[in-house]
Each structure stands twice: as structure tokens, then as C-alpha cells.
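One structure below.
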Amino acid sequence: MNRYLEKVLNDVKAKNEHETEYIQAVEEVLTTVEPVVEKHNEYEQLALLERMVEPERLITFRVPYVNDSGQTVVHRGYRVQFSSLIGPYKGGLRFHPSVNQSIMKFLGFEQIFKNALTGLPIGGGKGGSDFDPKGKSDGEIMRFCQSFMTELQRHIGQDIDVPAGDIGVGEREIGYLFGQYKRIKNAYEGGVLTGKGLSYGGSLARKEATGYGLMYFMREMLNANGQSLEGKTAVISGSGNVAIYACQKAKELGMKVIAMSDSQGCIYDENGIDLELIKQIKEVERGRISEYKKVHENAQYLASKDIWNIKADIALPCATQNEITLEDAQKLVANGVIAIGEGANMPCTKEATEYFLANNILVAPAKASNAGGVATSAIEMSQNSMRYYLTFEEVDKKLENIMINIFQSCKTASEEYGLGNNYVAGANIAAFRKLAKAMKAQGIV
Ligand code: NDP
């Protein structure tokens, strides 16, 4: 490894010793941008990499609320404002018990590159809390969101930082967060949050955007390699926002989705997943995927991780980070998988990604393939500024074009550096070059 890159990586490891996910995300980027760094000796004197890996600001705060039993509960809130190089900080909020500083920083760091790839004027940020919305009443969710926003509102704004949803934060939570922001600020500032409901400033097709975008990217990637999605089978981990709409678009593009999961189990339905039933269970009833079997008795209910044992042409990890380990990758390859599409952020461990690439499996990297969500959030922001709304078809067409362009950027960059169809490196290089240029242009800040 290049000496400068190695020095920066060692510093990151030493300074953030316990932040394993964050170190993993930085290492993945630094190792792949080596050919660019080799060409630019000036980066070291400008401490360009050191500045890129250090968040501009990291805010942590106390979030107290009263639960339905009258008990006061305290959670920790975060917002990492990683980079405003090319636009206001932008990135989702995650409510999940696993949330910690390392996960916030890895997600914020990845977001900078993802947002740069969209070609839209958005910087990178992320936030959330170790609060678990699962099993909570609407009243508890509302009181928690109001408390969270009571602090967060000091740090955000439509030209400063624009949060959105992520795991555990969907339209319901965004609604409560927006209501509290508006109340405190005494102003309707539509562009301060994205993923809003359609009745108060949300964009059509935002809910579908990440999953649809993933499938547009997959279609482009397969076509560029002489293959097609039509007639292929797929397994999709998760059954949340990304997974559901990836499944919907996969079916529209002629694929057969045979398995989906949640954190407790996996449904394997050889006849093809009944998506309307999944939506009913997950979006309406907020239930568990195991309930699928009550309607489709022939489907099998397996452990979550068993999804990677199922034979399919394409695997779409759409749940969470590091859900595909080396062992899972070996099973997928042995079962003849031809492509991996990362709907979740960093769903494959470093070893799993390396194994796929070494076995000529096509990998659609999260920073590029799941960028459709944030791209459509930026389209929501511009609609809020224009005070004018686009139709579903108009937003979807813009999303599709953005995904085609993102794929082309990854392909061009990987080919330019002689890396063939390694789009993992291509995505990192394309985004890094844009960010490095902006950083040099803006002086030492
Ligand atoms: P949701 O909360 O809507 O759904 C998450 C799904 O993943 C649920 O089915 C959940 O199961 C499952 N899941 C969560 N944690 C785990 C875990 N530790 N092990 C197994 N399964 C788990 O989230 P999203 O669909 O919005 O997000 C999914 C992924 O996509 C995340 O990595 C997110 O960062 C990424 N992403 C999301 C975007 C968006 O627009 N929403 C944009 C870009 C990326 P259960 O219900 O049992 O918890």
C-alpha cells in the first residue's frame, strides 16, 4: 500500500481503536483509491485524506422521554455532520438498539461518497439513536421523536443539514420529527427533512426510490456484462423499505424473488414471494415475517442467516451492515450466484466482497447502488423550494436516469484504471476524485 495511505489508515485505527465499522469503511475506500492518490503527490501536503476521514462535527445528546408506564427513559442521540464540501449535510436517521458512534461515523463517511456519485449538490451526514421503535406505541414513538428533535433542531436547517429516514425511521417518525421542528421554529421549512408524507410536502416515489434505484443499477450492471435480469431468481434480505421496493421492481423487471427476511427469520417461497402479503404484514400491521406462513403454508420459515444458503442467481442484501460474511459468500458462490446488489449500507464484510470479486461475481456497491434514495430526497428538496410537485412518473424517470449515470461513472472509472468490472473500486474512485477536486478548490477548511 502507498506510504501516505498507510499512514492515514494507521492514524485512523489508532485514534478510533474501538470503532470497527468506521475503520472498515475507511479502509475499504482508502485501499481502492490508491491509483488516484499515487498520481497526486500534493494530497499529502494538503492533508487531503486526513481531512476527508475526520468529520466536520460530531454531536451527541441526551434524549429523555416518558414511556406508557410513566417511566422516564433516557437514550443517546447522534448527528455526525461529516462533510459539507458539495452541499448541505444530508443523510438519514437510524433508530436501532445497535446504534453507536462507530456505526454513525461509518454511515456518515459512506454518505459523502454516495452523495457525490448522485451528481446532486448534497454533502454527507448521518444520525440516529439507540432507541428501538419495535413494539412501542404510537404515543411513545411520538414523544421520543419530539424529544429527539427538541435538541436536533439547533443543528439542522434546509441549507445546513437535511436528515431523512433509515432503519427504524419511516414516514411515521419523519412526520413526528417534522411537526416538532415546525412548532419550535414557527416556520414551515419543508426542505429540512425528506421522506415526508405526501400530504405535507413529501415527494412521490421517495418511498420506492432506494429499492427501485437498486434494481435500475442492477439492470445496467448486468446488461453491461452481457446478462439480463429477466427470468433470474433472487433472494432479498430484510423486509423494510429498501427490501420491499427492490422486490417490487425486481418483479416488474421479470425476476422471481423467492426469499425475504427480517431480524428474526426468513421466508422461502419457491412459488415466488407474495409481496402484497409482505406489505400487509410489515407496512400495515408492523408484524413479523413469520406470519407469512399462516397464509402460504407451503413456504418454509428458516433462520435469518439461512437466506444465504438458498440457491438463487442474484442476492440482494437489503437489511443491515456486515450481514454477508465470508462464509455466506462462499455458500452463495457455491450455489451459483452471479451478482450481488447491495441495498443496505456495507452489507458485505471486506472478506466477503474480496471473495466475490476473486470469483468474478458482479458486485453492485452500496455507495452507488443504493444512492437512489438520497438522490430522490434531493429531488424532494428541490420540489419543496419550487413549491411545485412532480408526478410519480416524472420523479421515477429522473431516478432512473440518475442510476444509469451513476453506473456509467463507476464503469468509466474502473475501466480508466484498468480494473475491469470491479465497480466497488470504480464507485470509490469516481466519488473520491470529485470530492478531492472540491476540497482542493475550497482551500484549507
Ligand atoms: P427498515 O427499518 O425499513 O427495514 C430494515 C429491515 O432489515 C427490517 O426487515 C429489519 O428486520 C431488518 N434488519 C435490521 N437490522 C437487522 C439485523 N441486525 N439483522 C437482520 N435483519 C435486520 O430500514 P431500511 O429498509 O430503510 O434500511 C435497510 C438498509 O438500507 C440499511 O442498511 C440502510 O442504511 C440502507 N439504506 C436505506 C435507505 C432508505 O432510503 N431507507 C437509503 C440507502 C440505504 P426487523 O423488522 O426484524 O428489525
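Among the candidates Glu393, Glu354, single out the residue that is open to solvent by 50 Å² or more (accessible area, probe 1.4 Å), more than 16 Å from the ligand (Cβ to nearest atom) and either in a loop (DSSP other than H, G, I, E, B) or closer than 18 Å to Tyr423 by Cβ (or both).
Criteria check complete, one pass: Glu354.
As an exercise: evaluate Val162 against (1) within 16 Å of the ligand (Cβ to nearest atom); (2) among the β-branched types (Val, Ile, Thr); (3) not in a strand (DSSP E or B) and give the number of the one condition it does not meet.
Tallying (1) within 16 Å of the ligand (Cβ to nearest atom); (2) among the β-branched types (Val, Ile, Thr); (3) not in a strand (DSSP E or B), Val162 fails exactly one: (3).
From the set of residues in the range 177-204 that are aliphatic (A, V, I, L, M) and buried (at least 24 other Cβ atoms within 10 Å of the Cβ), which is farthest from the ligand (Cβ to nearest atom)?
Going through the qualifying residues, I end up with Val192.
Yes or no, residue by residue, for (1) acidic (Asp, Glu); (2) out of contact with any Gly (no Cβ under 8 Å at 6 or more places or on another chain); (3) within 22 Å of Asp132 (Cβ to Cβ):
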residue	(1), (2), (3)
Ala25	no, yes, no
Pro35	no, yes, no
Glu50	yes, yes, no
Glu54	yes, yes, no
Thr60	no, no, yes
Tyr65	no, yes, yes
Ser69	no, yes, yes
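Quick check on the range 116-129. Is at least one of its residues assigned to a helix (DSSP H, G or I), buried (at least 24 other Cβ atoms within 10 Å of the Cβ) and modelled with pLDDT of 95 or more?
Yes, because at least one residue in the range 116-129 is assigned to a helix (DSSP H, G or I), buried (at least 24 other Cβ atoms within 10 Å of the Cβ) and modelled with pLDDT of 95 or more.
Please go through the range 368-386 and give me each residue that is within 11 Å of the ligand (Cβ to nearest atom), more than 14 Å from Pro317 (Cβ to Cβ) and not small (Gly, Ala, Ser), ordered by number.
If the condition is that a residue be within 11 Å of the ligand (Cβ to nearest atom), more than 14 Å from Pro317 (Cβ to Cβ) and not small (Gly, Ala, Ser), then Val374, Thr376 are the ones that fit.
Evaluate the following for Thr376: is it out of contact with any His (no Cβ under 8 Å at 6 or more places or on another chain), closer than 27 Å to Ile86 by Cα, open to solvent by 20 Å² or more (accessible area, probe 1.4 Å) and not in a loop (DSSP other than H, G, I, E, B)?
Against the criterion (out of contact with any His (no Cβ under 8 Å at 6 or more places or on another chain), closer than 27 Å to Ile86 by Cα, open to solvent by 20 Å² or more (accessible area, probe 1.4 Å) and not in a loop (DSSP other than H, G, I, E, B)), Thr376 does not qualify.
Considering only residues that are over 20 Å from the mean Cα position of the chain (by Cα) and in contact (Cβ under 8 Å) with a residue 24 or more places away in the chain, which ones fall in the range 2-31?
If the condition is that a residue be over 20 Å from the mean Cα position of the chain (by Cα) and in contact (Cβ under 8 Å) with a residue 24 or more places away in the chain, then Asn2, Tyr4, Leu5, Val8, Asp11, Val12, Asn16, His18, Thr31 are the ones that fit.
Filter the range 247-273 down to residues that are part of a loop (DSSP other than H, G, I, E, B) and either crowded, with 18+ Cβ neighbours inside 10 Å or within 23 Å of the chain's Cα centre (by Cα) (or both), then give me how many there are.
Residues flagged as part of a loop (DSSP other than H, G, I, E, B) and either crowded, with 18+ Cβ neighbours inside 10 Å or within 23 Å of the chain's Cα centre (by Cα) (or both) within the range 247-273 amount to 8.
Of all residues in the range 315-328, how many are buried (at least 24 other Cβ atoms within 10 Å of the Cβ) and either among the basic types (Lys, Arg) or more than 14 Å from the ligand (Cβ to nearest atom) (or both)?
Selection size over the range 315-328: 1.
Looking at Lys305, Lys331, can you tell me which residue is open to solvent by 30 Å² or more (accessible area, probe 1.4 Å), outside any loop (DSSP other than H, G, I, E, B) and either within 12 Å of the ligand (Cβ to nearest atom) or at pLDDT below 95 (or both)?
Step by step, each of Lys305, Lys331 is checked, and only Lys305 is open to solvent by 30 Å² or more (accessible area, probe 1.4 Å), outside any loop (DSSP other than H, G, I, E, B) and either within 12 Å of the ligand (Cβ to nearest atom) or at pLDDT below 95 (or both).
Name the residue that is surrounded by the most Cβ atoms within 10 Å (Cβ to Cβ), counting only residues in the range 337-351 that are under 13 Å from Met215 (Cα atoms) and in contact with a Leu (Cβ under 6 Å, 6 or more places away or on another chain).
Within the range 337-351, the match that is surrounded by the most Cβ atoms within 10 Å (Cβ to Cβ) is Gly343.
The values are calculated or read from the model by the stated rules, or taken from the named source; none is laboratory data. As the structure is a prediction and not an experimental result, all values here were calculated from the model. Ideal geometry is used to build each Cβ from the backbone, glycine not excepted, and the neighbour counts take in all protein chains shown. Keep in mind that these areas ignore ligands, DNA and RNA; they rest on the heavy atoms of the full protein, side chains included. Shrake-Rupley method; radii C 1.70, N 1.55, O 1.52, S 1.80 Å.
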